[in-house]
Amino acid sequence: MCGIVGYIGYREAYPIVIKGLKRLEYRGYDSAGVMLYDGNDLKLCKTKGKVSDLEEKASKETTTNGTIGMGHTRWATHGVPNDVNSHPHVSNSGDLAIIHNGIIENYAPLKEELIKRGYVFHSDTDTEVLVNLIEEIQKKENLRLGKAVQVALNQVFGAYAIAVFDKKNPDEIVVARLGSPLAIGIGEGEYFIASDASPFIEYTSNAVYLEDGEMANIRLHKPMKVRKIKDDSLVDPYIQELQMNLEQIEKGGYDHFMLKEIYEQPNVIRDTYRGRLHANEGIIQMSGVEDNLEKFLNAERIIIVACGTSWHAGLVAEYIFEEFARIPVEVEYASEFRYRNPIIGTRDVVIAISQSGETADTMAAIKLAKEKGAFVYGVCNVVGSSISRETHAGTHTHAGPEIGVASTKAFTTQITVLTMIALRLAKAKGTLSNTDYHRYLQELEIIPEKVKEALETNDRAKEIASVFKDSHNCLYLGRGYNFPVALEGALKLKEISYIHAEGYPAAEMKHGPIALIDAQMPVVIIAPKQGHYDKIVSNIQEIKSRSGIIIAVVTKGDTQVRELADYIIEIPETSDALSPLITTIPLQLLSYHIAVMRGCNVDQPRNLAKSVTVE
Ligand code: F6R
């Protein structure tokens, strides 16, 4: 995690770096720091807290002039979040400054060695070890910065995206990546460095995304040189034209990114199926699937690997793939999969789902599956991300940048892609009747309208939120396709409002969680008309007879659950299989309003980061 930003050019660097850090705060926000070079010396300002705290401190403590600057917003891995552990870190001589996203795993023996050679450490971080290692190599072997960085990186293992500056050669910044993302924006007489392109989109639309194992010397008024860290071979950098625009990464009148992103869902679901779903012609076309159709059709099973919300989308997909395409599916937490010596065959298809495309565990699961000979397909939101590059083929969700740490639109667009894949395979295999196939296509096409209608539950969700905002616990129940939605509803509530919440399959409740139910326990039940309605009604009765408080998500016009539930939220009717795209909407809104009413930082919940690039 962590966000890094750098600038070298002719403009004042400070405002660019600060604005960039604010855009990257989704990556971590427990401390922040900035380094500026004013032509003579390094000026440093670091603080525990957010970028706004850094700004306040900088305005009192330091000059903010200089056309070269680097900044960092941190999600602590080594050492508590405090001023000293914040980045940038400076070498013992005071000449070198570094910002780092990732973990240097062998920092301890390196640190010991450096201490023996007289180095003094002020922080508990692995990063301070790296900058001093670079300095030691530079001094010992009399090397320029780029070469010293390269030698040092060949001695460390772990993950990193770094930017290093040497005030003895102040016309360059050296950057490198392995396992953590790094984008370089190329302007006229200026360069930008950042964990993603959002900090520099208003300045340039040309960017190079460094590949794993690459480093670059970024020099003023000179073309950038990219080379392999391992063998020093030069690489021809691929300059990409950015698709992102400023509006996409701003709040657009909403109080929070999360709310904006919830409301974007009708549009982004449409963007995700546009050009791929042709309901009238009965066609679904995704080039990644078409090019590899045989692999999917010959699959002995599909293994889905993901984390968090993406894992929940995988669970929904398990039901859909098995129902539509009759292919056995297993859904795995990437973090477990990678460490348990899984049995993977060459006829397995592994689908990796990730919004950011940078989740370390998912990335490791992909590598493992590839080593074992499986075909690996990615469902990713971020174009150019590590996961979309590492997979054999894939389909991008077109959700646009998701800035709120709690995932919303990524979830529904992932389900949209996975549903389309399942339908395409069902068509090829003949496992769905023609009528059902066409019905699902038509229905998927009008899902954005239904999501829009489901968003009209906002006021109702707000009312219910005001009743339950002070709850300590909450149970979410669903069956079948809506069991993963219950898990997702519970995750949304706990991560942004810090209320303990559990998601459960409704029938499983009798095997334990029912003991929790009393008159103080709100139970959110997803009970649409399609699906296992009668069974859910029985579950509601079981809760009712133990005085539980029921908040039910029901299909418009429902009468039976209405009589039993304390609160109902009505959503438009859909088939069972597509219902997660609709039922999830009021649960997102409920969590959002509860978190706002509790005064929580909705977009940046404590202890979390958007992109989990450490295992
Ligand atoms: C929850 C959330 C996380 C992510 C998880 C995986 O709201 O955002 O649980 O879903 O960290 O992230 P990606 O999808 O980027 O791999």
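Please treat every number below as a calculation from the coordinates, not as lab data. Predicted, not measured: the structure shown is a model, and the values here were computed from it. Don't worry about glycine lacking a Cβ; one is built from the backbone with ideal geometry, like all the others, and counts go over all protein chains shown.
By count of other Cβ within 10 Å, fewest leading, how are His392, His511, His500 ordered?
Values: His392 18, His511 10, His500 13.
The fewest-first ordering by Cβ neighbours comes to His511, His500, His392.
Classify the stretch 361-457 as rounded, prolate or oblate from the Cα gyration tensor: take a ≥ b ≥ c as the square roots of its eigenvalues, call it rounded if a/c is under 1.5, otherwise prolate when a/b beats b/c and oblate if not. Don't skip to the end; give the middle numbers.
On the way: a/c = 3.05, a/b = 1.22, b/c = 2.50.
Here the stretch 361-457 falls in the oblate category.
Residue-wise, which Karplus ³J(HN,Hα) couplings in Hz belong to the stretch 424-438, taking 6.51 cos²θ - 1.76 cosθ + 1.60, θ = phi - 60°, and x for glycine or proline?
Each residue's phi maps through the Karplus curve to give 4, 5, 4, 5, 5, 8, x, 8, 10, 5, 3, 5, 5, 4, 5 Hz.
Counting helices only, and only those DSSP H runs with n ≥ 4, report the 222 nm mean residue ellipticity of the chain as the sum of -39,500 (n - 2.57) divided by its residues, in deg cm²/dmol to the nearest 500.
That comes out to -11000 deg cm²/dmol.
Between Glu105 and Thr435, take the C-beta separation as r, use R0 = 60 Å, and let me know the FRET efficiency to the nearest 0.05. Each step should come with its number before you reach the end.
Numbers: r = 56 Å, r/R0 = 0.93.
So, using R0 = 60 Å, E works out to roughly 0.60.
Only Cα pairs under 8 Å and at least 6 apart count here; give the relative contact order of the chain as a rounded whole percent.
Details: 1405 pairs, mean separation 71.6, N = 615.
Averaging sequence separation for qualifying contacts and normalising by length gives 12 percent for the chain.
Please give me, ordered by residue number, the trypsin sites (Lys or Arg not before Pro) of the stretch 148-209 that lie in loop per DSSP and have at most 12 other Cβ atoms within 10 Å.
Working: sites: Lys167, Lys168, Arg177; in loops: Lys167, Lys168.
Of the trypsin sites (Lys or Arg not before Pro), the ones in loops of the stretch 148-209 whose Cβ has at most 12 other Cβ atoms within 10 Å are Lys168.
What is the magnitude of the charge dipole of the stretch 179-258 about its Cα centre, with +1 placed on the Cβ of each Lys and Arg, -1 on the Cβ of each Asp and Glu, and no other charges, expressed in debye to the nearest 20? The partial results should precede the final answer.
Details: 7 positive and 14 negative charges, 76 e Å.
Using only the charged Cβ atoms, the result is roughly 360 debye.
Quick one: Karplus J couplings for the stretch 489-501, per residue in order, coefficients 6.51, -1.76, 1.60, θ = phi - 60°, nearest Hz, x for Gly and Pro?
Calculated HN-Hα couplings, in order: x, 5, 4, 4, 5, 5, 6, 10, 10, 6, 8, 5, 9 Hz.
Between Ser93 and Glu211, take the C-beta separation as r, use R0 = 25 Å, and let me know the FRET efficiency to the nearest 0.05.
On the way: r = 32 Å, r/R0 = 1.27.
In this case the efficiency is close to 0.20.
Would you mind ranking His89, His472 so that the residue whose beta carbon has the fewest other beta carbons within 10 Å leads the list?
Working: His89 28, His472 8.
Starting with the residue having the fewest Cβ neighbours, the order is His472, His89.
Could you calculate the contour length gain from Asp236 to Glu508, that is, 0.36 nm times the residue separation minus the distance between their Cα atoms, to one decimal place in nm? Before the final figure, lay out each step's value.
Values: separation 272, 0.36 × 272 = 97.92 nm, distance 5.62 nm.
Extending this stretch completely gives an extra 92.3 nm.
Can you classify the stretch 92-164 as rounded, prolate or oblate using the Cα gyration tensor, where a ≥ b ≥ c are the square roots of its eigenvalues, rounded means a/c under 1.5, and otherwise it's prolate if a/b beats b/c and oblate if not?
Because its axes are fairly even, with a/c under 1.5, the stretch 92-164 counts as rounded.
Under the rule a/c < 1.5 gives rounded, and otherwise a/b versus b/c splits prolate from oblate, where does the stretch 166-239 land using the Cα gyration tensor? Can you show the working numbers first?
Numbers: a/c = 1.60, a/b = 1.15, b/c = 1.39.
Verdict is oblate for the stretch 166-239.
Fewest first, what order do Leu54, Leu234, Leu432, Leu444 take by the number of other Cβ atoms within 10 Å? Spell out each step's value before the answer.
Values: Leu54 26, Leu234 9, Leu432 20, Leu444 23.
Going from least to most buried by this count: Leu234, Leu432, Leu444, Leu54.
So which of Lys46/Lys225; Lys295/Lys370; Lys22/Lys228; Lys57/Lys251; Lys19/Lys251 end up more than 20 Å apart by C-alpha? Write out the running numbers ahead of the final one.
Details: Lys46/Lys225 31 Å; Lys295/Lys370 14 Å; Lys22/Lys228 31 Å; Lys57/Lys251 26 Å; Lys19/Lys251 14 Å.
The pairs that break the limit, which is 20 Å between Cα atoms, are Lys46/Lys225; Lys22/Lys228; Lys57/Lys251.
Can you give the direction-averaged projected area of the convex hull of the alpha-carbon atoms in the chain, in nm²? Mind dumping the intermediate values first?
Numbers: hull surface 111.3 nm².
One quarter of the hull surface, i.e. the mean projection, equals 27.8 nm².
Give me the count of lysine pairs in the stretch 494-615 whose alpha carbons sit under 26 angstrom apart, restricted to pairs 8 or more positions apart or on different chains.
Number of lysine pairs found: 11.
Be a star and scan the stretch 203-233 for residues whose amide nitrogen sits under 20 Å from the point 7 Å along the Cα-to-Cβ vector of Arg117.
In the stretch 203-233, the label zone of Arg117 (backbone N under 20 Å from the point 7 Å along Cα→Cβ) covers 230.
What ³J(HN,Hα) values, in whole Hz, does the Karplus curve 6.51 cos²θ - 1.76 cosθ + 1.60 give for the stretch 228-235 when θ = phi - 60°, with x put for Gly and Pro?
In residue order, the calculated couplings are 7, 5, 5, 10, 6, 5, 6, 10 Hz.
Using DSSP to call loops (not H, G, I, E or B), can you name the chymotrypsin sites (Phe, Trp or Tyr not before Pro) in the stretch 121-217 whose Cβ has at most 15 other Cβ atoms within 10 angstrom? Walk me through the numbers before you get to the answer.
Values: sites: Phe121, Phe157, Tyr160, Phe165, Tyr191, Phe192, Phe200, Tyr203, Tyr209; in loops: Phe121, Phe157, Tyr203.
Those satisfying the criteria are Phe121, Phe157.
Measuring from label point to label point, each 7 Å out along Cα→Cβ, what is the Leu564 to His78 span in nm?
Spacing of the two 7 Å Cα→Cβ label points: 5.5 nm.
Just to confirm the number: angle between the C-alpha axis of helix 51-61 and the first principal axis of the chain, 0 to 90 degrees, nearest 10?
With both axes taken from Cα atoms, the answer is about 30 degrees.
Tell me which residues come under 5 Å, amide H to amide H, from Asn82 once H is placed; ignore anything under 5 positions away on its chain.
Result for Asn82 returns nothing.
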